[in-house]
Each structure stands twice: as structure tokens, then as C-alpha cells.
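The values are calculated or read from the model by the stated rules, or taken from the named source; none is laboratory data. Predicted model only: the values in this text are computed from it and were never measured. Don't worry about glycine lacking a Cβ; one is built from the backbone with ideal geometry, like all the others, and counts go over all protein chains shown. Side chains included, ligands, DNA and RNA excluded: accessible areas come from the protein's heavy atoms. Shrake-Rupley method; radii C 1.70, N 1.55, O 1.52, S 1.80 Å.
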Amino acid sequence: MNPGVGEIEIGTPAASTAEVPAGEPLVEVRNLKKYFPVTEGILLQRTVADVKAVDDVSFEIRRGETLGLVGESGCGKTTTGRCILQLERPTSGQILYDGVDLSGLDQKALVPFRRRMQVVFQDPYSSLNPRMKIGQIIAEPMYVHGIEPNAAKRRERVAHLLSVCGLNPGFADRYPHEMSGGQRQRVGIARALAVDPEFIICDEAVSALDVSIQAQVINLLEDLREEFNLTYLFIAHDLSVVRHICHRVAVMYLGHLVEFAPTDELFDRPLHPYTRALLSAVPVPDPEVEQARKHQVVRGEVPSPINPPSGCVFHPRCPIAVDTCPLQVPALREVRPGHWVACTEVREGERPGQ
Amino acid sequence: MALLEVEELQTHFFTSAGIVRAVDGVSYTVEEGETVAVVGESGCGKSVSALSILRLIPWPPGRIVGGSIRFMGRDLLGLSDAEIRQVRGRDIGMVFQEPMTSLNPVLTIGRQLTEPLEAHLDKNDQQARERALELLRLVGISDPQRRLGQYPHHLSGGMRQRVMIAMALACEPKLIIADEPTTALDVTIQAQILELMKDLTQRLGVALVIITHNLGVVARYADRVNVMYAGRIIETGSARDIYHDPRHPYTLALLRSVPRLDQPRRARLDPVEGQPPDLTRLDGGCPFRPRCRYAIQRCATDYPPLMETGPGHRSACWRKDDLEPPLRKAS
């Protein structure tokens, strides 16, 4: 019997993402911290507390892989993505992109890196300027980075990008409001591709789409990865989608990385109690599987990141917490090859609490 | 007699772009204590059909143009405004998707909970307050005494949804309509709220109409499932029928397009190609036809009615008997 997910049998792998690329790291995140100050007073603002959005997170993304970053609202997954792009300056820690520490660079020195990293946002309604035509939206990054200064060539490239993303090149003359959600998300992807990036952060890029359209966009992202040798950081909360598209998965909770493993390893053998609770909460579209399944509903809610619990941040909700959990933040340990977990109660080769 | 009988309901929106046939001939019944799920994607008319039951469609531009809605034998469409107000919140409770926008931000939780009690059940301050405390305890809110004095922004999303459920249950309704009750919530909180709703509806014998786009959510909780597309119910049956033996190509395509945790990972997903139709430009044929792998000549001219395919299982497809099973055999 397979476990982890509360009595459901996790299917065996048959996907192209079962093999984790062994390449060198493209992005390294080292001891990343991002605190947002909470201030009081109007004229003389004093910092009274910090929101610890990301608290000492380290991982690396290998060239050619899709790394999933999952967790619930407020766990810091989006902030981590924004720090990698330097849209937020980290409080401390390093972001190494191809060996260069981005956090030490000024805006001007960042420009060549911005061309290599792009982002696709969640909401295709608010991330496209409603007053610009689709063609202008896609041409804008080329203009900014001085790619294709020739206007006719630029138009040609826009048409090419639209067709690569499965849209009619005639859409270049339309406005965003004339398009559906799925089509808009394809425009967002075409815009990201306009500068020939090697690394794209997909921040909940398919979450707002209806299921029938979601599958179309997921297939598109996978095709583009093959065609342009892209590396993705796929930030999402939908675990079934993450399992489908990612090579490796990092699980975050309240600003901390709690588990990190190759996709099949993580879903077949989730070790951290939080990961196990997350998997158990995902409903399966099959009434018989669901009836037979025992849900371990985790109690309580995510605590405030302003005043997080001491020690392991998950301990107040954890079913297997022991006396020592509130005392010390558990370090990530490699318990099986490539499988890292931040829980002191996990032993190699066995599941906690059994 | 069923608790709720919706017959040939038509709700249209009269816009500058034309008439949007958001709900175009929907019929279904809800028995006492039963949980019925209405499933479909954005714009299929699932929310509009539910709001129509309570006559919450704003005019202009929307209007119920045909059909009947009978609740405990009463025709809701024939009631005066004052009479339908007595039905809303008392006989039929509501839970909406976004608990932040559906609670009043400037009133305390206590005030919002006691208001329906005073309005519908003529309770005095003291009685209403006691009942409010009881309700908060019922939906699993800790420290209810303190919560009564708090405002919605003090509460997390999951707590607010619990308060919404408490409000819906306040006057002991026979039916609760929940429109995407867990869509805005995180998955662990979603599991808590669904378990709570299942437990309460069973314990109190309340019927539930749950509207959702998430096929997983309803698998566990629904007795019956109605699948909607382009303003109509295109398949209806028990949860088992719908998930194991779908008889409409759209239901089949929906089930196949989502990755599942209990199935092998596939190299490719199997999406429903194309886009949903423009509801101002429906012709006489089946609206799913341009995206359908099973479409035949007849689909272009005749709209298929809901036809029996088994006990309590009906599908609006001419080729309902030719479909493949939902799960491909593992190759």
C-alpha cells in the first residue's frame, strides 16, 4: 500500500520529466532571506516588526530542468521568484546566475541578465497593458533590449512568436480585451520568449485558466522547453500540475524550504509531515478512490509570518511533533540520494509516524 | 415532491453585443438532504443558474425569461420582492466564493450573524447573540466570544468562509447554495471546509447545491453531478456514473485533460482543443461540436436533448453510446 497521500496509489512514472537533467546549476539561491518591514507612524516611520517572507532558503536550478516551487498562499514562493529576478532586493543571501552574484549588481549591470531571465505571471488580465496592441506588447521587450532594431524585422518576429505560441499572427493587431484568458496567457508566454531567454519563471502561470485550457498551455510550455532549451522555475500550488511538468520539486512552508526531491521520489515517498498533509488534501476526480481514502486533514491555519513559531515553523500543526521541535530550526538533510528534508523526526528508509 | 424543481430555466443578458443566453433551458431537481454538484468552466452558466433560484440576477442587463423554479411546492418566480426576501437566507442559505467581498467589512462578525436571526426569526438581542455563539461553535471557530466583536479583516480566508457557512445555517434552511465555496482557499483549508460542509449538511439534513469547476472537489461530496456547457446541462448522473462512465464527450474530455495524482504521469496532457463558444452566437446545433472528437453531421443541425443512458443517468449527445472509457489503459 502506498501511503503518503492518504491511501491512494500513486501511479508509476511514464513522463519525459522522470529523468532529472544532470547539468550544472544555472541559478543558485544561497541562504536567501527577504524581510519586509512593518512600520508604524506617518511622518517618522519606525519599523516595529518584520514579515519574514523568505527565511534562509537555498536550492539550485539546473540547466534544462523544470523546478517546481510549491506551497500555500504566503509561504514565500512568489517572493523567492521575485528575488531571483531582482525585482525584490534580498535582505541577505546570494542569487548566483550562471556563477555571477546578482544581488551585488546595480540596475545597469543587471540589464544583460534581465534579457536572459523572463517571467510569465498568473493573471493574464492584469499583466497585459489594455491600451497596447498584442503586437506592441510582444515587441516591447525587444525594443527595450535593442533586439531587432528594424521595424519590419520586428513585426516578422512578433508574427513568428505568435505562431510558435499557437496563436494566429493576425492577433498582433488586436487588443487584450478581444482575447480569452487562455489566449492572453499565450501572449504572455510569447512576450517572455521575445528576447530569447534561457530561464523563465512561471508564477502560477496556469492557475487562473479553466481546466480544458490549462492542459493546452501546459503542453505549450513543455513544447517550448524542448524547442528552445529553456529552464523553468514553475511556481504553483496545484500539485497534480506540478507533478506533471516538473523534474524536481521544492516545498515551502512559511518562508522555509521543508522538502526538496526529484518529482517521482517526492510524490511516491513524501517524508515531511507538511508535504504529506498537502498531498493528502488534493482531491482526486474519482468518487471510489475518494471514498476509500482517509483524509488526514491538517488542523489549524498557517501562522503569521510576522511572528512565526519558534524552532520548526510547522510544529504547532504537526501530527508527529516532539518536545524538541519548538527549540531548534531543523536543517535540510539528505535522507536519500537527492531527497532533502527539514524534519528531525524523519529517518532514512521509514516514514514518520508509522 | 422534490425540495427544489427547476424546469426549463432561461436566464438571458441583454447586452450591446447581443443577447447572451447564459442559461438556456436548464432543468434539475434537488431532493431533501441531497448534495448536488453543478460542474462546468467559466461562462457555462453554472453561477447564473444558481443565482436565478434566489432571483439575484441584476436587471439590467439580466433577466429570467422563461421556465419555472419551485421550492417546497412554491413558485419562486411568482413571488413579490418582499416574499422572495423572506426566502433568501431563511429557507435557502447562500455561501459565495470570495468570503472577503461577501462579508460586510464595516460590521462586526456578531452583527452580521445576528442580523438574519432578527430579521427572519424575530429573535431579540440576547437570543440572537446566543444563537450566534452556538453557530460559531458549530462551524469550528475557536474563541467564539471574542470573534463576535471582530471584523472580517481580522479573520483569515478559511475563518471567513466558516463565518459565511455559519450565516447560511443561521435560520436552519432546507437548502444551501454554495457557489465555488473553496476556490479562493488553499488546499489544506479547502479540505477542512469541505469536510465541515459535508458533516454539517449530513448532521442537519440540509440539501446542498455546490457549484464548482473542480472535478476533484465534487467526487467525494456529491450524490449527483450536473455537468454544464454553454448554458445547458449536458450530462447528469450519480457521481459514479459521471466519473467512471461518462456519456458526453465534454465530460470525457474534462476528465482526461487534468493530470491526476493517482494515475501514472503521462508524457502529454490531452487538452480540449479550441475555445468555449460565444454565447451570443449559438446556432441550433450542439455548441460543443467544434471541439468534439465525436461530432457527426447531425450535431450541426439538431441540438441533442438529455437522453436516458442508464438509471438516473442522462446525456445530451447523439453519440452517447460510442464513447471510450475515461481512463486510458496504461501502455
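Quick one: Cα convex hull volume of the stretch A:204-343, Å³ per residue?
On the way: hull volume 20.0 nm³, N = 140.
Cα convex hull per residue, to the nearest whole number: 143 Å³.
Averaged over peptide B:247-254, how many Cβ atoms belonging to another chain are found within 10 Å of each residue's Cβ?
Mean partner-chain Cβ count within 10 Å for B:247-254: 1.
State which stretch of chain B is the longest one without any exposed trypsin sites (Lys or Arg not before Pro), exposure meaning a DSSP loop state and at most 14 other Cβ atoms within 10 Å.
Working: sites that count: B:Arg268, B:Arg281, B:Arg293, B:Arg328, B:Lys329.
The longest uninterrupted stretch comes out as B:1-267.
Would you list which lysines come within 29 Å of B:Lys320, measuring only between C-alpha atoms, while excluding same-chain residues fewer than 8 positions from it?
By straight Cα distance, B:Lys320 reaches B:Lys46, B:Lys329.
Between 0 and 90 degrees, rounded to the nearest ten: what's the tilt of helix A:211-228 against the longest Cα principal axis of chain A?
70
Could you give the radius of gyration (one decimal) and Dmax (whole number) of the Cα atoms in chain B, in Å?
Just the Cα atoms of chain B yield Rg and Dmax of 20.9, 67 Å.
Count the DSSP beta bridges whose two residues both fall in chain B, then state the antiparallel fraction as a percent rounded to the nearest 5.
Working: 30 of 49 bridges.
Rounded to the nearest five, the antiparallel share is 60 percent.
Please give the Cα centre distance for the stretch B:1-24 versus the stretch A:139-168, rounded to the nearest Å.
Cα centroid to Cα centroid, the span is 44 Å.
Pick out which of A:His177, A:His237, A:His315 has the largest mean-square fluctuation in a Gaussian network model of chain A, springs linking Cα atoms closer than 10 Å.
A:His177
Around B:Ala128, what is the net charge, scoring Lys/Arg as +1 and Asp/Glu as -1 over all other residues with Cβ under 12 Å from its Cβ? Intermediate results must be reported in sequence, preceding the final value.
Numbers: positive: B:Arg111, B:Lys123, B:Arg129, B:Arg131; negative: B:Glu115, B:Glu118, B:Asp122, B:Asp125, B:Glu130, B:Glu134.
Local charge sum for B:Ala128: -2.
Can you pull the percent of Cα pairs in the protein assembly as shown with separation above 45 Å? Don't skip to the end; give the middle numbers.
Numbers: 55253 of 234270 pairs.
Here the tail beyond 45 Å accounts for 24 percent of pairs.
Using a cut-off of 12 Å between beta-carbons, work out the net charge of the residues near B:His154 (Lys and Arg +1, Asp and Glu -1, B:His154 not included).
Numbers: positive: B:Arg146, B:Arg147, B:Arg160; negative: B:Asp143.
Cβ neighbours under 12 Å give a net charge of +2.
Measure off, as a whole percent, the carbon and sulfur share of the 1.4 Å-probe accessible area of the stretch A:15-268, all protein chains present. Please list the in-between numbers first.
On the way: 4890 of 10090 Å².
Of the solvent-accessible surface of the stretch A:15-268, carbon and sulfur hold 48 percent.
For the interface of B with A, what's the total buried accessible surface in square angstrom, probe 1.4 angstrom, rounded to the nearest hundred?
Heavy-atom accessible area buried at this interface is about 4400 Å².
Add -39500 (n - 2.57) for each DSSP H run of 4 or more in chain B, then divide by its residues: what number comes out at 222 nm, to the nearest 500 deg cm²/dmol? Can you show the working numbers first?
On the way: 12 runs with 108 residues, N = 331.
Computed mean residue ellipticity for chain B: -9000 deg cm²/dmol.
As I understand it, the value is the acute angle between the Cα axis of helix A:107-116 and the longest principal axis of the Cα atoms of chain A; what does it come to in degrees, rounded to 10?
90
How well do other chains shield peptide B:12-24, expressed as the mean number of their Cβ atoms within 10 Å of each residue Cβ?
Numbers: counts 0, 0, 0, 0, 0, 0, 0, 0, 0, 0, 0, 0, 0.
The per-residue average across the peptide is 0.
Count of lysine pairs in chain A with Cα atoms under 21 Å apart, counting only pairs 8 or more residues apart in sequence or on different chains?
Values: A:Lys33/A:Lys52; A:Lys33/A:Lys77; A:Lys34/A:Lys52; A:Lys34/A:Lys77; A:Lys52/A:Lys77; A:Lys133/A:Lys153.
Counting lysine pairs in chain A gives 6.
Among B:Leu121, B:Thr101, B:His154, which residue has its Cα furthest toward the positive end of the charge dipole of the stretch B:99-154, with +1 on Lys/Arg Cβ and -1 on Asp/Glu Cβ?
It is B:His154, whose Cα lies furthest towards the positive end.
Translational diffusion coefficient of the stretch A:15-268 at 10 °C, 1.306 mPa s, Stokes-Einstein with Kirkwood Rh over Cα pairs, in µm²/s as a whole number. Intermediate values should be presented prior to the final figure.
Working: Rh = 19.1 Å.
Rounded to a whole number, D works out at 83 µm²/s.
If you take every DSSP beta bridge whose two residues both sit in the protein assembly as shown, what share of them, in percent to the nearest 5, is antiparallel?
Details: 61 of 98 bridges.
Within the protein assembly as shown, antiparallel bridges account for around 60 percent of the total.
Quick one: Cα centre-to-centre distance for the stretch A:11-89 and the stretch B:109-158, in angstrom?
Computed from Cα coordinates, the inter-centre distance equals 39 Å.
Write down the accessible area per residue of the stretch B:181-327 in Å², having rolled a 1.4 Å probe over the full set of protein chains. Provide the component values of the computation, followed by the final result.
Working: 5590 Å² over 147 residues.
Per residue, the stretch B:181-327 has 38 Å² of solvent-accessible surface.
How large a share of the accessible area of the stretch B:190-331, in percent, is made up of carbon and sulfur atoms when the probe is 1.4 Å and the other protein chains stay in place? Please list the in-between numbers first.
Working: 2900 of 5940 Å².
Its accessible area is 49 percent carbon and sulfur atoms.
May I ask for the net charge around B:Thr114, where only other residues with Cβ less than 11 Å from the Cβ of B:Thr114 are counted and Lys, Arg are +1 while Asp, Glu are -1? Could the numbers behind the result be given before it?
On the way: positive: B:Arg111, B:Lys123, B:Arg129, B:Arg131; negative: B:Glu115, B:Glu118, B:Asp125, B:Glu130.
Cβ neighbours under 11 Å give a net charge of 0.
Hey, in the GNM for chain A with a 10 angstrom Cα cutoff, which one of A:Ser126, A:Ser103, A:Ser163 fluctuates hardest?
Answer for the Gaussian network model of chain A: A:Ser126.
What share of the DSSP beta bridges in chain A is antiparallel, in percent to the nearest 5? Working shown, then result.
Working: 31 of 49 bridges.
Within chain A, antiparallel bridges account for around 65 percent of the total.
Taking every residue in B:239-245, how many Cβ atoms of other protein chains lie within 10 Å of its Cβ, on average?
Numbers: counts 6, 4, 1, 2, 7, 3, 0.
Counting other chains' Cβ atoms within 10 Å and averaging over B:239-245 gives 3.
Which of rounded, prolate or oblate describes the stretch B:25-103 when judged by the alpha-carbon gyration tensor and an a/c cut-off of 1.5?
Numbers: a/c = 1.16, a/b = 1.12, b/c = 1.03.
Judged from the Cα gyration tensor, the stretch B:25-103 comes out rounded (a/c under 1.5).
Taking DSSP loops as anything outside H, G, I, E and B, show the longest stretch in chain A free of trypsin sites (Lys or Arg not before Pro) there with at most 15 other beta carbons within 10 Å. Display every interim value, and only then the final one.
On the way: sites that count: A:Arg131, A:Lys294, A:Arg299, A:Arg347.
Result for the longest clean stretch: A:132-293.
Report the charge-dipole magnitude of chain A in Debye, nearest 20, computed about the Cα centre from +1 at each Lys and Arg Cβ and -1 at each Asp and Glu Cβ. Could the numbers behind the result be given before it?
Values: 37 positive and 45 negative charges, 209 e Å.
About 1000 debye.
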